[in-house]
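What follows is a short report on a single structure.
The values are calculated or read from the model by the stated rules, or taken from the named source; none is laboratory data. Not measured: the values here are computed from a predicted model. FYI the Cβ positions are ideal-geometry reconstructions off the backbone, even for glycines, and counts take in every protein chain you see.
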Amino acid sequence: MSRFPEYASILERLKLNEDDILLYLGCCFGQDLRKLVFDGAPLEKLYGAELRPEFIELSYELFHDAEKIKPRLVVGDIFDIPNTGLASLAGRVDILYASAFIHLFDWDGQVACCVGIVNMLKPKKGSIVFGRQAGRSKAIRTRNLRNHDDNRMIYM
Ligand SMILES: C[S@@+](CC[C@H](N)C(=O)[O-])C[C@H]1O[C@@H](n2cnc3c(N)ncnc32)[C@H](O)[C@@H]1O
């Protein structure tokens, strides 16, 4: 996240705007959330959401910060907002970060994912969605497999 040109202004916004909330969707181990805290973002304005609870649990083991960060990380599914940890954040988010995330899904899934993302945002001007996704200039249906022999990605 910190490699984005917008990172400094997002950090500033979190430091200055009392009400702003950032959600890191599909946060896996949530390392970028910890980096934001390290760089001075107020912890209480940050949330991470991850589908797989074991990734969140393992992140406490890796960073030794369960006590501090546990309330900031929720188990959530962007396709099932009302029934997961995302419910309490729906419609409250000002800045949403989703990286290596939207491209996980096929076209219909990507559209549904983006609808979910919009539903997470505050219904007002000035919200930001940022992140990086992989794609192709010519759309095709793909399946990525890792070739363990030479560690290349194979596109089928
Ligand atoms: C490829 S990883 C990217 C992790 C991280 N964003 C990064 O850039 O390093 C995608 C993450 O999204 C999570 N994920 C997949 N489907 C999800 C869903 N429906 N809702 C929330 N998280 C999901 C996965 O469990 C995984 O941790």
Item checked: Filter pass, GLU67 being within 19 Å of MET1 (Cα to Cα) and either touching a strand residue (DSSP E or B) at 6+ places or on another chain (Cβ under 8 Å) or modelled with pLDDT of 95 or more (or both) -> no
Margin query: Looking for something charged (D, E, K, R), surrounded by 12 or more Cβ atoms within 10 Å (Cβ to Cβ) and either at pLDDT 90 or above or part of a loop (DSSP other than H, G, I, E, B) (or both) - is there at least one such residue anywhere in the stretch 138-156?
Written below: no
Next item on the list: Please identify the pairs in which a residue from the stretch 64-79 that is outside any strand (DSSP E or B) and within 16 Å of the ligand (Cβ to nearest atom) has its Cβ atom under 7 Å from the Cβ atom of a residue that is aromatic (Phe, Trp, Tyr) and at pLDDT 95 or above, counting only partners at least 6 apart or on another chain.
Entry: ARG72/TYR47
Next item on the list: Output yes when any residue across the stretch 92-108 is touching a residue at least 24 places away in the same chain (Cβ under 8 Å) and among the hydroxyl-bearing types (Ser, Thr, Tyr), and no when none is.
Entry: yes
Checklist line | Subset of the stretch 26-44 (residues that are within 14 Å of the ligand (Cβ to nearest atom) and not small (Gly, Ala, Ser)) | finding: CYS27, CYS28, PHE29, GLN31, ASP32, LEU33, ARG34, LYS35, LEU36
Notebook entry, point to check: Got a number for residues in the stretch 35-65 being surrounded by fewer than 21 Cβ atoms within 10 Å (Cβ to Cβ) and touching a Ser or Thr at 6+ places or on another chain (Cβ under 9 Å)?
Noted result: 4
Check: How about the stretch 1-20: which of its residues are within 16 Å of the ligand (Cβ to nearest atom) and basic (Lys, Arg)?
Finding: ARG3
Item checked: Any chance LEU23 is within 12 Å of the ligand (Cβ to nearest atom) and under 21 Å from LYS125 (Cβ atoms) -> yes
